[in-house]
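Everything on this sheet refers to the single structure shown next.
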Amino acid sequence: MEVYKHKSALLIDDSYIDNLINQKILMSNNYAENIKVIDFPKIAFQFVKESLITGKNTPDVIFLDLRMPEMNGFEFLKALEAIPELKPDQIKIYILSSSLDPSDLKKIKANKLVAKFIGKPLTRQVLCDI
């Protein structure tokens, strides 16, 4: 029987290639039993909101990209903060981005929902460290 670090993880990134690579890394390291990939942040937000309201399928961990069309990672986090059903530390959120913009890093550090910033690409070593 396989042992997983988490029951479920959600990847939110508009890059098909990044999602493919990150999903493989999560799977090969038994990071989560269920891995859901959503490449549109607005759809991902609706999924998370519904899961919090119903109490079903809420991801334990979210890997969130910053630079996405329609809704960027910061807008996603702001929308998430407005959901009353979200309890502190209920979902571990990791920003998974290639951004090295100092203002982004400052905003990430100041956001109470974010557990950690991870620079792309996701690696086995990073998973072991979180």
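The values are calculated or read from the model by the stated rules, or taken from the named source; none is laboratory data. Predicted model only: the values in this text are computed from it and were never measured. Here Cβ is always computed from backbone atoms with ideal geometry, including for glycine, and neighbour counts include all displayed protein chains. Keep in mind that these areas ignore ligands, DNA and RNA; they rest on the heavy atoms of the full protein, side chains included. Shrake-Rupley method; radii C 1.70, N 1.55, O 1.52, S 1.80 Å.
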### Query
Quick one: accessible area per residue over the range 1-89, 1.4 Å probe, rounded to a whole number of Å²?
58
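If a/c stays under 1.5 just call it rounded; otherwise compare a/b with b/c (prolate if a/b is bigger, oblate if not). Do that for the chain, with a ≥ b ≥ c from the square roots of the Cα gyration tensor eigenvalues. Before the final figure, lay out each step's value.
Values: a/c = 1.44, a/b = 1.08, b/c = 1.33.
Rounded, since a/c falls under 1.5.
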### Message
Under the rule of at least 5 residues apart or a separate chain, name every residue whose amide H is placed under 5 Å from the amide H of Ile35.
### Response
Ala9
### Query
³J(HN,Hα) across the range 83-93 via Karplus (A = 6.51, B = -1.76, C = 1.60, θ = phi - 60°), whole Hz, x for Gly/Pro?
8, x, 6, 6, 8, x, 6, 5, 10, 7, 10
### Query
Using the Cβ atoms and a cut-off under 10 Å, what net charge is assigned to the surroundings of Asp13, where Lys and Arg are +1 and Asp and Glu are -1?
-2
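Quick one: net charge of Met27's neighbours, Cβ under 11 Å, K/R +1, D/E -1?
Numbers: positive: Lys24; negative: Glu2, Glu33.
With Lys, Arg at +1 and Asp, Glu at -1, the net is -1.
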### Message
List the lysines whose Cα sits under 24 Å from the Cα of Lys78, skipping any in the same chain fewer than 8 residues away.
### Response
Lys36, Lys42, Lys49, Lys56, Lys87, Lys92, Lys106, Lys107, Lys109, Lys112, Lys116, Lys120
### Query
What 222 nm value per residue comes from the helices of the chain, counting each DSSP H run with n ≥ 4 as -39,500 (n - 2.57) and dividing by all residues, nearest 500 deg cm²/dmol?
-11500 deg cm²/dmol
### Protein accessible area in the chain, 1.4 Å probe - carbon and sulfur %
55
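Multiply the residue gap between Gln90 and Arg124 by 0.36 nm, knock off their C-alpha separation, and tell me the result in nm, one decimal place.
Details: separation 34, 0.36 × 34 = 12.24 nm, distance 2.39 nm.
Gain in length upon complete extension: 9.9 nm.
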